Amino acid sequence: MNDSDTSPTAAAPSVWRRPEHGSRGPTSRWTRDDVADAGVHVADQHGLAAVTMRSVASRLGTAGASLYRIVDSRDQLLELMADRVNAEFDYSTVGAGSGTVGMRSLARQGRAIYARHRWLLEIPDTAPVLGPNAMDYLDRALGTLSSTDLTERAKLEVVGIVSGLVRVLALGEASPGRGRLSPEWQAAMADHLRATAVSESHPHLAAVLAADRDAADPGDGFERVIGLVIDLSVHGSQAWE
């Protein structure tokens with residue numbers, strides 16, 4: 001791969017399917033974590049496009065070729081970086097069986113991680129193999145649901161839904177004006193709908209808009225949406241009772 005390439009290739013083999021140190025040449029003095037930390041630093045400071053084998057090696061004070069003892073390509077470097085930031089989750093207050101409270105905590109932490117590392121949103125979330133920190137997250141997230149009545153398959157699906165939604169909402173927050181989570185956008189859309197929705201042809205929409213006109217400030221859109229999805233996923237119709 002050209003050192004200036006900036007987009008990962010879906011067909012690239014996973015870094016987690018190769019030994020930590022290549023079989024050719026002397027053993028590298030750097031670990032995967034060292035390389036990942038250097039890549040995260042470059043991306044945080046200069047953006048994902050600035051992350052190349054050469055720039056990360058420079059951060060480590062070594063030659064670009066030496067990184068190939070740790071990773072085979074820039075794609076694998078991005079895999080290391082994406083997994084490395086998953087180590088920022090704090091599980092000390094997310095105990096097994098903590099249910100919706102635990103899932104909300106993980107969702108908030110995920111939001112904060114995306115806010116600290118905006119470049120993470122540029123990496124497609126399609127890695128075929130989970131790294132060790134992603135595995136830890138998945139296990140802890142499943143553990144929060146251990147006291148629920150969900151089936152094992154449903155627990156996995158809830159974790160996937162919530163994790164995916166956090167990413168989608170983080171993308172909106174990273175957009176100029178915070179996208180659809182922006183109070184300004186929501187107010188403008190509500191005004192437009194009230195002006196165009198006719199009760200005779202859109203009775204359900206008109207009813208919602210009429211009820212929402214005098215509603216209290218809904219607050220943080222992220223908290224509202226994530227809380228609703230988690231509650232409905234875990235408790236179903238009971239979330240409304």
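Where a number appears in this text, it was derived from the coordinates with a stated rule and is not lab data. The shown structure was predicted, so the numbers you read here are calculated from the model rather than taken from an experiment. Here the Cβ positions follow ideal geometry from the backbone for every residue, glycine too, while neighbour counts run over all protein chains shown.
Can you give the extra length, in nm with one decimal, that the chain gains between T126 and S146 once fully stretched, where that is 0.36 nm per residue apart less the Cα-Cα distance? Here the answer is 4.6 nm. A96 to T31: FRET efficiency via 1/(1 + (r/R0)^6), r the Cβ-Cβ distance, R0 25 Å, to the nearest 0.05? FRET efficiency, A96 to T31: 0.25. Between S201 and D72, the FRET efficiency from the beta-carbon distance, with R0 = 51 Å, is close to 0.30. Derived scalar couplings between HN and Hα for the stretch 224-236 equal 5, 5, 4, x, 5, 5, 5, 4, 5, 5, 8, 10, x Hz in order, rounded to whole Hz, by the Karplus curve 6.51 cos²θ - 1.76 cosθ + 1.60 (θ = phi - 60°), x for Gly and Pro. Projecting label points 7 angstrom from Cα along Cα→Cβ for A211 and S58 puts them 5.8 nm apart.
Here the simple spin-label model places points 7 Å from the Cα toward Cβ, and for R153 and H192 these points are separated by 4.0 nm.
Given R₀ = 41 Å, what would the calculated FRET efficiency be for R17 paired with H235, taking r from the Cβ atoms and rounding to 0.05?
In this case the efficiency is close to 0.55.
The packing ranking of peptides 103-110, 201-208, highest mean first, is 103-110, 201-208, where packing means the average number of other beta carbon atoms within 10 angstrom of each residue.
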